[in-house]
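Worksheet: the structure to be examined is printed underneath.
The values are calculated or read from the model by the stated rules, or taken from the named source; none is laboratory data. Computed from a prediction, not measured in an experiment: that's the story for all the values here. Every residue, glycine among them, receives a Cβ derived from its backbone with ideal geometry; neighbour counts consider all protein chains shown.
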Amino acid sequence: MTKQEIIKRFESFGFKLGLDQGLVFGFIKRNTTSMCSMIGENITISLSFNLKQDKDRAVKLMTQLFPTATYIEQNELLHACYFSIRRIN
């Protein structure tokens, strides 16, 4: 999945690109923020709602955005939920 494909997918759900630093970029839609990192082997996407994590809402949204995304279980309390998307080469 390319950066442009990810951007188009988020924009199709009403998100606006708010940060673009090359391989790291972010989106915002009302109280929902997302950051995407294309650094490393997989694509990592975080989702937060009012700067808090909400696993149920995040999983529901990611299932719509990227059905192949995998939830990354965290051992500590963070302000976002994290997902991984495998790169297809």
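Here are a few things to note about the model shown:
- Whichever residue in segment 65-89 is assigned to a strand (DSSP E or B) and of a type in the set (Ser, Thr, Tyr) and, among such residues, is nearest to LYS8 (Cα to Cα): SER84
- Any hit, segment 7-15, residues being out of contact with any Cys (no Cβ under 7 Å at 6 or more places or on another chain), within 17 Å of SER84 (Cβ to Cβ) and not hydroxyl-bearing (Ser, Thr, Tyr): yes
- Long-range neighbours under 7 Å by Cβ, at least six apart or interchain, first residue in contact (Cβ under 8 Å) with a residue 24 or more places away in the chain within segment 1-23, second part of a strand (DSSP E or B) and aliphatic (A, V, I, L, M): MET1/ILE43; MET1/ILE85
- Reported count of residues in segment 11-63, each being among the aromatic types (Phe, Trp, Tyr) and loosely packed, with under 12 Cβ neighbours inside 10 Å, is 0.
- Hits in segment 3-40 (condition: among the aliphatic types (A, V, I, L, M) and under 24 Å from GLN74 (Cα atoms)): ILE6, LEU23, VAL24, ILE28, MET35, MET38, ILE39
- Considering each residue of segment 24-39 in turn, none proves to be among the small types (Gly, Ala, Ser), out of contact with any helix residue (DSSP H, G or I) (no Cβ under 6 Å at 6 or more places or on another chain), part of a strand (DSSP E or B) and over 18 Å from TYR82 (Cβ atoms).
- Conditions (1) over 17 Å from GLU73 (Cα atoms); (2) touching a residue at least 24 places away in the same chain (Cβ under 8 Å); number of the one not met by ILE43: (1)
- Residue in segment 4-20 that is small (Gly, Ala, Ser), at pLDDT 95 or above and not in a strand (DSSP E or B) present: yes
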